[in-house]
Amino acid sequence: MGEMVCMMNLPRKVLGVAWRLKKQFLAALVAVVGVLTSFCGGAIFAQGTSLPHGETNKVQGTIRSSTGDLLTGVIVRLEEQEPSNSLETKTKADGSFIFSGLRPGVYTVRAEKAGWREGVSNPLVLIAGHKKRVDLVLESLPIDHPGATGASRSSSPAAGEMEFTDKPNFTVAGVMDWNNTGTHGSDVRVRTSEVLAKETLALKNGGLVKSSTETKAGAARNSNESREELRAAREQARTMLAKADTADGHRLLGELNERLGDPLEAVREYERSALMDPSEQNYFEWGTELLLHRADEPAVEVFTKGSHAHPDSARMLAGLGAALYAEGKTEEAARRLCEAADLKPADPAPYVFLGRIEKAATAVLPCGEQKLARFVREQPWNALANYYYGVALWKRDRGSEKNAASLQQAEALLDKAVRIDPKLGEAYLQLGIFRTERGNFEQAIRDYTKAIEVSPQLSEAHYRLGSAYRRIGEESKAEREFREYERIEKAEAEAIESQQRELRQFLIILKDQPAAATPHR
């Protein structure tokens, strides 16, 4: 522990990354019951702390690259919210790190290394004697990224300025077993990207996924089709293509291959379809297939080219926004979604995408608040419009007494959202957060309880309810909610990992790079 550095009163930007996403993440934490003995002015590590039966709280894990390589010399911080303290260490030669002697509380692990994107864990709830493992994955930054070379953003072209040839700048070389990707279902960006990829997929048929329940229902309907029927349809499509080689035939064959579990052939058929006929539909389905299998950079390329060819397509820009977010380019993603909202102001999809990203970001994004304000003006009856704009106002002005009127408007918007849609658990949750920050714990408890009533699997609501109970001295109720929070988080992470294993990840070879298949994300 001698290499650890005590750091006090750190900024809370990491909390915004991990705790403002739908269903999974928290915006603030409350005080925890633990040992009051302090070290270095109140840091997390407390010498002399005694735990039941000599047990020691511990957080350990590894840091890897997206290709699975263990990374050494990564700065790893273990952050506690209340009090706002942090411990720091570096990964060893085997990519491992460890923090021990920790008091009970709630922590976040953050990993940083020059030339790599930051990695952040979900919140960890430590009770006496707990041992937690956190394995984070870092992605290398592009050479022209400011964090990699120090160059300014203006030195690299915006997504809309990229140049293309008729042929793509990449090759899909194969698919990779998920177990070798180094990604985990508990990773914040993986969870968010999964949601946006599914919602982009829903836009193929002009719809928008509204909940994970609807997504599962759709998957169940597709599974009812017998593989024999799908194989017969694929053979018929191949026969038709042998007689007449058409873009529509290749697109149909791509769809059938995907549903039969052959994404490699599917993406090749989608590519052939788009190159033969660069229609809006063909570009969109090609880009969506790449995004679905986590080929983020190629998906950005295809959606960008499709947007150039079809500048009036709002869904193409929405897909581009989802792909850019998966690449870690949050501000660029927000700009493309704002453009999509301008192209089709009555379509809720770009606003919903934008709302998810705005809610997840650590700072207010360019153009996000203005577009969400228009969303609620044009669709005042839409519960999500009221919810996302309310969140944007709260996020901008929270903690500022000078903007009391704006915060009152945010609360009114959230109240309206739950009146319109009494099943919108996220809005009840946000109302609870709002009232907790004002010290109204009794009302917050009612809000969190209502959120759980309508959305039992909303893990953040369980955690926040536990925190509120702890604030008023109801320790047994608090522990019950914390245990439920951990159970749901674990189940959701396992479900995402199961979905990833089924989908599999594309292996991509980029031109002008060594001819070795490289995974993305």
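Within the stretch 251-268, being of a type in the set (A, V, I, L, M, F, W, C) and in a helix (DSSP H, G or I) holds for Leu252, Leu253, Leu256, Leu264, Ala266, Val267.
Considering only residues that are in contact with a Ser or Thr (Cβ under 9 Å, 6 or more places away or on another chain) and free of Cβ contacts under 8 Å to residues at least 40 places away in the same chain, look in the stretch 413-431 and name the one that is farthest from Gly466 (Cα to Cα).
Lys423
Taken residue by residue, the stretch 420-443 has at least one member that is of a type in the set (Asp, Glu) and not in a helix (DSSP H, G or I). Within the stretch 416-450, the residues that satisfy the criterion of being over 25 Å from Pro104 (Cβ atoms) and small (Gly, Ala, Ser) are Ala417, Gly425, Ala427. Checking Ser406, Ser400 one by one, the residue that is hydroxyl-bearing (Ser, Thr, Tyr) and either over 26 Å from Ala468 (Cα atoms) or free of Cβ contacts under 8 Å to residues at least 12 places away in the same chain (or both) is Ser400 and no other.
What are the residues in the stretch 386-413 that are part of a loop (DSSP other than H, G, I, E, B) and among the small types (Gly, Ala, Ser), if any?
Gly399, Ser400
Scanning the stretch 304-329 for residues that are of a type in the set (A, V, I, L, M, F, W, C) and crowded, with 24+ Cβ neighbours inside 10 Å yields Met316, Leu317, Ala318, Leu320, Ala322, Ala323, Leu324, Ala326. In the condition set (1) free of Cβ contacts under 8 Å to residues at least 60 places away in the same chain; (2) farther than 24 Å from Asp347 by Cβ; (3) among the charged types (D, E, K, R), Glu475 is compliant with all but (1). The residue list Ser193, Ser186, Ser154 contains one member that is outside any helix (DSSP H, G or I), closer than 29 Å to Arg315 by Cα, of a type in the set (Ser, Thr, Tyr) and at pLDDT below 80, which is Ser186.
In the set Glu378, Glu301, Glu332, only one residue is surrounded by fewer than 24 Cβ atoms within 10 Å (Cβ to Cβ), touching a Pro at 6+ places or on another chain (Cβ under 8 Å), closer than 25 Å to Leu138 by Cβ and of a type outside the set (A, V, I, L, M, F, W, C); that residue is Glu301.
Would you be able to tell me the number of residues in the stretch 335-351 that are surrounded by fewer than 24 Cβ atoms within 10 Å (Cβ to Cβ) and either under 15 Å from Ser307 (Cβ atoms) or among the aliphatic types (A, V, I, L, M) (or both)?
Total satisfying the criteria: 8.
Report, by residue number, each residue of the stretch 112-136 that is at pLDDT below 90 and not in a loop (DSSP other than H, G, I, E, B). Within the stretch 112-136, Trp116, Gly119, Val120, Leu124, Val125, Leu126, Lys131, Lys132, Arg133, Val134, Asp135, Leu136 meet the criteria.
Taking the stretch 355-371 as the region of interest, how many residues are in contact with a Gly (Cβ under 6 Å, 6 or more places away or on another chain) and crowded, with 20+ Cβ neighbours inside 10 Å? Full working, then the answer.
Restricting attention to the stretch 355-371, the residues satisfying the condition of being in contact with a Gly (Cβ under 6 Å, 6 or more places away or on another chain) are 358, 362.
Narrowing further to those that are crowded, with 20+ Cβ neighbours inside 10 Å: 358.
Of the residues in that region, 1 qualify.
The combined condition, being modelled with pLDDT under 95, exposed (fewer than 15 other Cβ atoms within 10 Å of the Cβ) and not acidic (Asp, Glu), is not fulfilled by Ser459. Could you please let me know if Ala417 is in a helix (DSSP H, G or I), at pLDDT 95 or above and within 27 Å of the chain's Cα centre (by Cα)? Yes, satisfied. Among the residues of the stretch 395-414, those identified as modelled with pLDDT of 85 or more and touching an Asp or Glu at 6+ places or on another chain (Cβ under 7 Å) are Arg396, Ser406, Leu407.
In the set Leu29, Leu87, Leu36, only one residue is closer than 30 Å to Leu431 by Cα and either assigned to a loop (DSSP other than H, G, I, E, B) or at pLDDT 65 or above (or both); that residue is Leu29. So, Lys344, is that one more than 30 Å from Asn440 (Cα to Cα), over 20 Å from the mean Cα position of the chain (by Cα) and among the basic types (Lys, Arg) or not? It is true that Lys344 is more than 30 Å from Asn440 (Cα to Cα), over 20 Å from the mean Cα position of the chain (by Cα) and among the basic types (Lys, Arg). Of the numbered criteria (1) part of a helix (DSSP H, G or I); (2) over 22 Å from Ile508 (Cα atoms), the one Asp245 fails is (1).
Pairs meeting the criteria (first residue in the stretch 124-143 and more than 22 Å from Glu486 (Cβ to Cβ), second residue modelled with pLDDT of 80 or more and of a type in the set (Ser, Thr, Tyr), beta carbons under 9 Å, at least 6 apart or on different chains) are Leu138/Ser65; Glu139/Ser65; Ser140/Ser65. Residues in the stretch 464-490 that are over 17 Å from Ala451 (Cα atoms) and not charged (D, E, K, R) were compared, and the one that is surrounded by the most Cβ atoms within 10 Å (Cβ to Cβ) is Ile472. All conditions but one from (1) crowded, with 24+ Cβ neighbours inside 10 Å; (2) free of Cβ contacts under 8 Å to residues at least 60 places away in the same chain; (3) assigned to a loop (DSSP other than H, G, I, E, B) apply to Ser273; the one that does not is (3).
The values are calculated or read from the model by the stated rules, or taken from the named source; none is laboratory data. Only a predicted model underlies this, so the values are computations on that prediction, with no experimental measurement involved. Note: ideal-geometry Cβ built from the backbone for every residue, glycine included; neighbour counts use all protein chains shown.
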